[in-house]
Every structure is written in C-alpha cells, then in structure tokens.
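K.L.:
Structure incoming, see below.
The values are calculated or read from the model by the stated rules, or taken from the named source; none is laboratory data. Small disclaimer: the values here were computed from a predicted structure and weren't measured. A quick note on method: Cβ atoms are made from the backbone with ideal geometry, for glycine too, and the neighbour counts reach across all protein chains shown. All accessible areas refer to the heavy atoms of the entire protein, side chains included, with ligands and DNA or RNA removed. Shrake-Rupley method; radii C 1.70, N 1.55, O 1.52, S 1.80 Å.
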Amino acid sequence: MTSSSDRSQAVDVQEPKTYEVRTYGCQMNVHDSERLSGLLEGAGYVRAPEGSDGDADVVVFNTCAVRENADNRLYGNLGRLAPMKTKRPGMQIAVGGCLAQKDRDTIVKKAPWVDVVFGTHNIGKLPVLLERARVQEEAQVEIAESLEAFPSTLPTRRESAYAAWVSISVGCNNTCTFCIVPALRGKEKDRRTGDILAEIEALVGEGVSEITLLGQNVNAYGSDIGDREAFSKLLRACGQIEGLERVRFTSPHPRDFTDDVIAAMAETPNVMPQLHMPLQSGSDPVLKAMRRSYRQDRYLGIIEKVRAAIPHAAITTDIIVGFPGETEEDFEQTMHVAREARFSAAFTFQYSKRPGTPAATMENQVPKEVVQARYERLVALQEQISWDENKKQVGRTLELMVAEGEGRKDGATHRLSGRAPDNRLVHFTKPDQEVRPGDVVTVEVTYAAPHHLLAEGAVLDVRRTRAGDAWEKRNAAEAPKAAGVMLGLPKIGAPEPLPVATGSGCGCD
C-alpha cells in the first residue's frame with residue numbers, strides 16, 4: 001500500500017512559467033513595465049534569466065509610437081520570435097503600450113502568432129488576457145478607450161531598491177503638432193495628493209530614499225483637480241516626509257512653469273537642483289507651428305529665474321531639429337538659446353514624420369541632408385557647452401548617491417559611480433570599506449568630461465543608509481536565483497539626462 005507521503009513525493013513539481021518584458025520609449029513606459037512585471041509575478045510567473053532573448057514562456061513588448069521606426073522595430077522583433085514560438089508549445093507573446101493603442105487589430109494581422117494586444121489604459125488586464133488566450137486558443141485584442149485603473153494602484157516589481165518612480169498624473173491636454181501621445185494616453189487625469197503622498201511614504205518605509213514624480217506634463221498637475229498651485233504644494237509636502245532624501249520630477253512644460261514652482265524647488269531641501277525643461281525649438285515661428293504655448297523670451301526668462309533661485313541647478317532639455325518649415329534663421333535661434341541657456345545636457349532629435357500627427361502633413365518638410373547638417377552643428381555646440389559646464393564642477397565637494405550599473409567601466413577601473421544632487425554622473429575611486437547602491441559618499445571632483453565627472457582622490461566620507469540596507473536585503477533575497485532576476489529593462493531610479501540622442505522627440509512634455 002502506498003502512503004500519502006509516497007504519493008506526494010511522486011507528484012512532479014511544475015516549474016513556474018518565466019516572463020520577459022521589453023520596454024521602448026519614455027519614462028512612463030518604463031514605469032508601466034514595472035507594473036506589468038508586478039502583475040505577472042503576482043500571477044505566479046518568475047523573471048527569465050538576463051540575456052534570455054525571447055527564451056521565456058511569456059514575452060511582453062511595451063511599445064512606443066513616437067520613436068523613429070517604432071513599428072518596423074516591433075515587427076522585426078516579433079518576426080524573430082515566430083520560429084522560437086513554433087518550437088516552444090505554450091509560449092505566449094503580448095504587445096502593449098502606445099503602438100498597440102494606435103495599431104490595435106493591425107498587429108495580429110501582421111503577426112498572427114501574437115497572443116495578446118492591450119493598450120495604455122488597461123495594462124492591469126494582462127494576466128487575464130494571457131489566460132483567456134491560452135484557454136480559447138486565439139488572440140485577445142482589448143484596447144480600452146479610457147483609463148480603467150490608475151497604474152499606481154497595480155502591483156509593481158521595481159527595478160531599484162533605493163530609487164522609485166511615482167506617477168502623479170497620466171495623459172496630456174496639450175496639442176503639440178509633432179506628438180501623438182495625447183491621442184494614445186488620453187486627457188490628463190490627476191491622482192489625489194493624499195494617494196501620492198501615501199505611496200511615497202510607503203516606498204520610504206521600504207527603504208527608498210529617492211523618488212521621481214512622473215507625468216506626461218508633470219507640472220500641469222492640478223488642472224484636473226482645479227488647483228493651479230497643486231504641484232508646488234506637492235513638492236513642499238514631499239519635503240515633510242522623513243527619510244526621503246531626494247525628490248526629482250519629469251517632465252515639465254514651460255507653459256505651466258510658474259514662480260510658485262521655482263520657489264518650492266528652492267525652498268524645499270530634498271528637491272534636487274535639477275531641471276529638465278523641454279525647449280523643442282528656439283524659434284518663435286517654429287514654436288507657434290508646433291503649438292507650443294511659449295516663446296523664446298518666456299523660456300529664457302524661466303531659466304534665468306531658476307538660476308537666480310538655485311545657482312547650482314543643472315538644466316537639461318529636449319530639442320527637435322528640422323521641424324517642417326524651419327529656416328536657417330529659425331535654426332540659428334535654437335543655437336542662440338542653447339548658448340544662452342547653457343544646458344548641462346540635451347536630448348537632441350532629428351525631426352521625422354509621425355503618422356497621425358498634424359506635422360506629418362505640413363508643407364515645407366526640410367530635406368534630410370539639411371536636417372542632418374543642422375543636427376551635427378547643434379550636437380557639436382552642445383558637446384562643448386556640456387564640457388565647459390562640467391569643468392566648472394572640478395574642485396567641488398559633492399554628495400553622491402551610489403548607483404547600480406551606471407558605470408560600464410567600473411570593474412576595469414576599480415571605480416564606483418553615483419549621482420550628484422544635480423543628477424550629474426560621477427565615477428569615483430572605490431573606497432576600502434564596503435559601499436552599497438543607495439549609500440551616500442562625499443567626494444571631490446578632479447576631472448570633467450562632457451558627459452561625466454571623475455573623483456580620483458580618496459572618498460572623503462561614506463554614509464550607510466536605509467536605502468543601502470534595502471539594496472542589500474533585496475540582493476541577499478534574490479541571490480539564489482540571481483540568474484533569473486535581472487532582465488535588461490532600462491535602468492530605473494533617477495532618470496539619466498542622456499547628453500545626445502538620435503531619433504525623434506517623444507513629445508510627452
């Protein structure tokens with residue numbers, strides 16, 4: 001007779017299904033992918049090993065509709081997975097994000113091996129749609145026209161133990177002619193301030209010491225709830241949260257950048273001296289054609305006020321070169337603003353048509369070779385400005401929050417990397433004592449390059465933090481399954497001001 005224990009030992013233990021999330025586009029998509037990962041892990045899936053390259057039970061594409069060749073890139077990747085899926089019974093592929101919201105049924109027509117298509121408003125449905133597709137053995141396409149649940153109410157699998165995104169609004173009320181995001185993300189919808197602060201307090205309780213407030217147009221926060229000063233009040237409220245060391249936000253719009261926000265930044269100690277302020281163009285006629293509701297004088301006036309209130313602020317921007325109708329004189333105005341504003345870094349884009357946007361059908365499209373030549377001139381100018389501004393940091397003593405995975409050469413150079421309060425990336429000499437991501441070190445800057453700083457001397461001070469404790473605790477918990485933990489999403493934490501990027505402006509701000 002077989003005992004119950006014998007029978008239980010004879011039962012095969014089924015391995016949990018694995019998942020992989022591939023993310024394209026803006027910070028909002030990166031944050032959404034944290035939610036998608038949390039939803040899948042809540043449904044019993046586990047992260048696929050790093051570098052699995054599609055060798056997972058579920059592969060999710062969180063797409064962008066505004067990057068250059070976004071659709072070609074998606075269908076190319078889907079095509080590469082088709083033979084893999086044929087060889088792997090039960091494998092599922094899901095496509096979400098802005099391109100899914102825009103293309104809908106087109107995706108399964110072009111790639112019939114896709115199992116699930118979901119949009120920007122119903123990411124919480126992913127596990128249900130995957131199960132429905134499995135049971136019914138047919139593709140599930142579900143695109144909601146309006147937000148079903150605020151993303152921050154969903155489970156999350158954050159990529160960082162010490163830094164976190166906090167979404168304060170979704171959608172956008174602007175009508176920029178180069179941007180399709182409002183059509184895909186919808187009108188702005190704000191979260192209740194109490195809910196935002198409760199989430200931040202919970203994150204701090206988990207060990208997070210840096211948060212980044214996130215919105216398509218972050219400083220328009222309050223328009224949905226009828227309070228024009230809601231964003232500055234939120235910044236000040238963040239200053240009252242014990243244990244919260246650093247507060248950042250992205251991305252604001254010059255139209256909504258009011259004096260009360262500047263005052264809140266200057267007067268709230270944990271709001272960092274950093275500002276990402278999209279310019280897009282320095283030409284008033286081009287700004288008008290873009291439907292950007294500010295002009296050059298207004299923009300430079302904001303920069304001047306910020307610098308007066310926060311002298312060491314690092315200001316970064318977005319610029320689009322070659323917008324339809326842009327003349328040489330228009331471009332020279334953009335160069336003028338770059339010289340005047342002295343940006344520490346810039347996301348610099350060449351304009352390219354986006355189907356569904358008014359700009360795509362405008363007359364006087366600028367020839368590609370002209371756009372390329374202007375772009376190269378702007379990049380050269382900004383590279384020099386970035387280097388000059390970084391040279392001013394040499395000799396300064398800075399407190400850095402130690403970062404994870406930000407220094408590609410750290411292993412070879414025996415250095416570590418961290419972010420200064422103004423978000424500049426600093427590589428520093430590895431001290432003798434243990435330093436963990438999330439800890440804080442004090443260093444003196446000795447060398448400047450255009451896109452980073454070096455602190456080659458001995459570390460002046462090391463402060464172990466609760467954030468470092470949180471990183472250590474997570475790392476220890478995940479050590480047994482380290483091969484299956486990290487998977488190649490973009491780095492999370494304080495968003496990096498990439499110095500120069502190619503492609504087309506996201507238009508989310």
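K.L.:
Is it the case that some residue within region 316-326 is modelled with pLDDT of 95 or more and surrounded by fewer than 15 Cβ atoms within 10 Å (Cβ to Cβ)?
P.N.:
Looking through region 316-326, none of the residues is modelled with pLDDT of 95 or more and surrounded by fewer than 15 Cβ atoms within 10 Å (Cβ to Cβ).
K.L.:
If you go through region 221-243, how many residues are touching a residue at least 24 places away in the same chain (Cβ under 8 Å) and either open to solvent by less than 10 Å² (accessible area, probe 1.4 Å) or among the charged types (D, E, K, R) (or both)?
P.N.:
Number of matching residues: 14.
K.L.:
Is region 465-487 home to any residue that is under 30 Å from Val181 (Cα atoms) and either at pLDDT below 95 or not in a loop (DSSP other than H, G, I, E, B) (or both)?
P.N.:
yes
K.L.:
What's the number of the condition Asn423 fails, among (1) surrounded by 14 or more Cβ atoms within 10 Å (Cβ to Cβ); (2) without any contact (Cβ under 8 Å) to a residue 60 or more places away in the chain?
P.N.:
(2)
K.L.:
Under 9 Å between Cβ atoms, which residue pairs at least 6 apart in sequence (or on different chains) link something in region 286-299 that is farther than 17 Å from Gly325 by Cα with a partner that is polar (S, T, N, Q)?
P.N.:
Ser293/Asn174; Gln296/Ser281; Gln296/Ser283; Gln296/Gln333
K.L.:
Return the residues of region 170-198 that are out of contact with any Gly (no Cβ under 8 Å at 6 or more places or on another chain), surrounded by fewer than 19 Cβ atoms within 10 Å (Cβ to Cβ) and farther than 15 Å from Gly356 by Cβ; say none if nothing qualifies.
P.N.:
Asn173, Arg192, Thr193, Gly194, Asp195, Leu197, Ala198, listed by residue number.
K.L.:
Identify, please: which residue in region 350-365 is small (Gly, Ala, Ser) and either within 16 Å of Leu287 (Cα to Cα) or outside any loop (DSSP other than H, G, I, E, B) (or both) and is, among those, modelled with the lowest pLDDT?
P.N.:
It comes out as Ala360.
K.L.:
Tally up the residues in region 104-136 that are in contact with a helix residue (DSSP H, G or I) (Cβ under 7 Å, 6 or more places away or on another chain) and either in a loop (DSSP other than H, G, I, E, B) or under 19 Å from Leu184 (Cα atoms) (or both), please.
P.N.:
13
K.L.:
Residues to consider are Ser169, Ser209; find the one that is within 19 Å of Met265 (Cα to Cα) and touching a residue at least 24 places away in the same chain (Cβ under 8 Å).
P.N.:
Ser209
K.L.:
Under 7 Å between Cβ atoms, which residue pairs at least 6 apart in sequence (or on different chains) link something in region 181-202 that is modelled with pLDDT of 90 or more with a partner that is among the charged types (D, E, K, R) and open to solvent by 20 Å² or more (accessible area, probe 1.4 Å)?
P.N.:
Every condition considered, the pairs that remain are Asp190/Asp224.
K.L.:
Is there any pair with a first residue in region 352-368 that is without any contact (Cβ under 8 Å) to a residue 40 or more places away in the chain and a second that is open to solvent by 90 Å² or more (accessible area, probe 1.4 Å) and part of a loop (DSSP other than H, G, I, E, B) whose Cβ atoms are under 8 Å apart and which are 6 or more apart or on different chains, and what are they?
P.N.:
Ala360/Lys353
K.L.:
Do we find that Ser344 is polar (S, T, N, Q) and more than 23 Å from Thr175 (Cα to Cα) in this structure?
P.N.:
Yes.
K.L.:
Does Glu20 satisfy the criteria of being within 30 Å of Arg185 (Cα to Cα), of a type outside the set (Gly, Ala, Ser) and modelled with pLDDT of 90 or more?
P.N.:
For Glu20, the condition - within 30 Å of Arg185 (Cα to Cα), of a type outside the set (Gly, Ala, Ser) and modelled with pLDDT of 90 or more - is met.
K.L.:
What pairs come out if I take residues in region 149-160 that are assigned to a loop (DSSP other than H, G, I, E, B) and pair them with residues that are open to solvent by less than 30 Å² (accessible area, probe 1.4 Å) and modelled with pLDDT under 80 whose C-beta lies under 7 Å away, six or more apart or interchain?
P.N.:
So the pair list comes out as Arg158/Ile492; Glu159/Leu489; Glu159/Ile492; Ser160/Ile492; Ser160/Gly493.
K.L.:
Hey, among Gly44, Gly90, Gly51, Gly79, which residue is exposed (fewer than 15 other Cβ atoms within 10 Å of the Cβ) and in a helix (DSSP H, G or I)?
P.N.:
So the residue among Gly44, Gly90, Gly51, Gly79 that is exposed (fewer than 15 other Cβ atoms within 10 Å of the Cβ) and in a helix (DSSP H, G or I) is Gly79.
K.L.:
So, Arg354, is that one under 27 Å from the mean Cα position of the chain (by Cα), buried (at least 19 other Cβ atoms within 10 Å of the Cβ) and farther than 27 Å from Tyr447 by Cα or not?
P.N.:
Numbers: under 27 Å from the mean Cα position of the chain (by Cα): yes; buried (at least 19 other Cβ atoms within 10 Å of the Cβ): yes; farther than 27 Å from Tyr447 by Cα: yes.
When the stated conditions are applied, Arg354 passes them.
Conditions tested, residue by residue: (1) closer than 23 Å to Asn475 by Cβ; (2) under 23 Å from the mean Cα position of the chain (by Cα).
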position	(1), (2)
Asn390	no, no
Gly395	no, no
Arg408	yes, yes
Gly418	yes, yes
Val435	yes, no
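K.L.:
Just give me the residues in region 62-73 being open to solvent by less than 10 Å² (accessible area, probe 1.4 Å) and either free of Cβ contacts under 8 Å to residues at least 40 places away in the same chain or in contact with a His (Cβ under 7 Å, 6 or more places away or on another chain) (or both), in sequence order.
P.N.:
Listed by number, the list holds a single entry, Thr63.
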